[in-house]
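**Q** Take this structure, written in structure tokens, and hold onto it; I'll ask about it next.
The values are calculated or read from the model by the stated rules, or taken from the named source; none is laboratory data. Please read all numbers here as calculations on a predicted model, not as lab measurements. So basically every Cβ, Gly included, is an ideal-geometry build from the backbone, and we count neighbours across all protein chains shown.
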Ligand SMILES: [Zn+2]
């Protein structure tokens, strides 16, 4: 059986009954417990918290290497600051959490808990930025933001307490701002690539851009239920916020001007959801080695009379690999090897090493890779090289498998009927669009998915008329249901 067929055979539940499959994994693989009594607020369990923290470190390292300074800003803003940028407040006012401060008449006031931090960070930018010498200014922070979701909540995908990283930058010129858009895209793409996650890089249509932005670029990851999962966004803010918060600088020629700004965000819980849903199978998690809490598990297969030799050998192997990879020697005595296999497959551990009397005699080990479940014999003296190779190969395979699935999910449609059927069949649909709001509305109502945008990484020229009105199309867009 090829690994491709194995993959589809081992993913029946994931593709046919995603919600049940996903909820089972969340709890059984110790990712989150969704039973906390406040809706949309999750308890992150040991593996979920660990993986998210690894993702955070991967991202922050890249941000800091490219000159983003780590800072920490307050959780709250005021009504007045929040209202300064007109589009921004329109976009977010319906979904903010508020704190009512009760006291005497004078001290009674309302604070807004950040749904995102423009209105908290930019008043400080105004104080810090004086001249071109202060630019570019690039800051970032990994914090929770809070949004009162009106749509139904889903663990990791749609939550009210959202763990993310947000970066905010200010620049001298529109050219510098454009360069920063490319840098931000490169950083996010790199992290997602190192996690094997595949996505569509889309420029959102104007009606769906970030409130207050000139334009928004989004990373939409595929999901087994056909919905797309927006894991990150990059927004070019132009001078909209600079004007609202009066952020000016002295130019090289002595005149004053407003700065050009960007903000971009990377959703840790949504990236965690993408890792689980893109790579997992019906046995459980399949983790990219970089974020796996346990990268190798060693399971001694004990036979009566030979326990001592096997345990001694297993410990030798453990000592050999434990400083290079996060390794567990599963020497529990009251659990059968079969139960241990089941457990570590559920946990998504990339490599399992089995040692029994046969391996002791031959000086070998038996390796099983979690992504393909392929079993590999390896002599003990070649072990380090073999594992090094396998860890890279597992990531390569996960990435390629995920890419192939993304391509399989994208379907062309030339009529509303075709598009509707494709969305019902859990696909992402490629259609031609004239650009009018009216047609976007029609598509949403008839097809059941929304226009997510046009490709940002490649130019796709429309070769057919608008799917809704039949007039000349302006662009090719992707339509899907979304989280
Ligand atoms: Zn149209």
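**Q** Select from segment 451-483 the residues that are more than 12 Å from the ligand (Cβ to nearest atom), out of contact with any strand residue (DSSP E or B) (no Cβ under 6 Å at 6 or more places or on another chain) and farther than 15 Å from residue 201 by Cα and list them in ascending order.
**A** 461, 463, 481
**Q** Right, something else. Restricted to segment 410-438, and to residues that are in contact (Cβ under 8 Å) with a residue 60 or more places away in the chain and under 26 Å from the mean Cα position of the chain (by Cα), which residue is farthest from the ligand (Cβ to nearest atom)?
**A** My answer is 426.
**Q** Can you find a residue in segment 386-407 that is within 14 Å of the ligand (Cβ to nearest atom), surrounded by fewer than 20 Cβ atoms within 10 Å (Cβ to Cβ) and not assigned by TED's automatic domain parsing to the domain that holds residue 204?
**A** no
**Q** In addition: Within the set of pairs 6 or more residues apart or between chains, which connect a residue that is free of Cβ contacts under 8 Å to residues at least 12 places away in the same chain inside segment 159-174 to a residue that is surrounded by fewer than 23 Cβ atoms within 10 Å (Cβ to Cβ) and assigned to a helix (DSSP H, G or I) with Cβ atoms less than 9 Å apart?
**A** That search, which allows pairs on different chains as well, returns nothing.
**Q** May I pose another question? Any residue in segment 352-359 that is touching a residue at least 12 places away in the same chain (Cβ under 8 Å) and closer than 25 Å to residue 203 by Cβ?
**A** no
**Q** Is it true that some residue in segment 439-448 is within 15 Å of the ligand (Cβ to nearest atom), in contact (Cβ under 8 Å) with a residue 12 or more places away in the chain and surrounded by fewer than 18 Cβ atoms within 10 Å (Cβ to Cβ)?
**A** Taking every residue of segment 439-448 in turn, at least one turns out to be within 15 Å of the ligand (Cβ to nearest atom), in contact (Cβ under 8 Å) with a residue 12 or more places away in the chain and surrounded by fewer than 18 Cβ atoms within 10 Å (Cβ to Cβ).
**Q** Residue 370 passes all but one of (1) surrounded by fewer than 21 Cβ atoms within 10 Å (Cβ to Cβ); (2) away from the ligand (no atom under 16 Å from the Cβ); which number fails?
**A** Only one criterion is unmet by residue 370, namely (1).
**Q** Anything in segment 84-103 that is in contact with a strand residue (DSSP E or B) (Cβ under 8 Å, 6 or more places away or on another chain) and free of Cβ contacts under 8 Å to residues at least 24 places away in the same chain? List them, or say none.
**A** Result: 98, 99, 100, 101.
Condition check ((1) in contact with a strand residue (DSSP E or B) (Cβ under 6 Å, 6 or more places away or on another chain); (2) surrounded by fewer than 17 Cβ atoms within 10 Å (Cβ to Cβ); (3) within 19 Å of residue 29 (Cβ to Cβ)) across all residues:
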position: 295; (1), (2), (3): no, no, yes
position: 300; (1), (2), (3): yes, no, no
position: 328; (1), (2), (3): yes, no, yes
position: 332; (1), (2), (3): no, yes, yes
position: 346; (1), (2), (3): yes, no, yes
position: 349; (1), (2), (3): yes, no, yes
position: 354; (1), (2), (3): yes, no, no
position: 364; (1), (2), (3): yes, no, no
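**Q** Considering only segment 35-118, give the helices (runs of 4 or more DSSP H) lying wholly within it that have at least 1 residues that are at pLDDT below 95.
**A** Of the helices (runs of 4 or more DSSP H) lying wholly inside segment 35-118, those with at least 1 residues that are at pLDDT below 95 span 79-82, 86-92.
**Q** Then there's this: Name the residues in segment 356-369 that are assigned to a helix (DSSP H, G or I) and under 26 Å from residue 346 (Cβ atoms), would you?
**A** Result: 359, single match.
**Q** Out of segment 159-182, which residues are over 19 Å from the mean Cα position of the chain (by Cα), surrounded by fewer than 21 Cβ atoms within 10 Å (Cβ to Cβ) and assigned to a helix (DSSP H, G or I)?
**A** Residues satisfying the conditions are 174, 175, 176, 178, 179.
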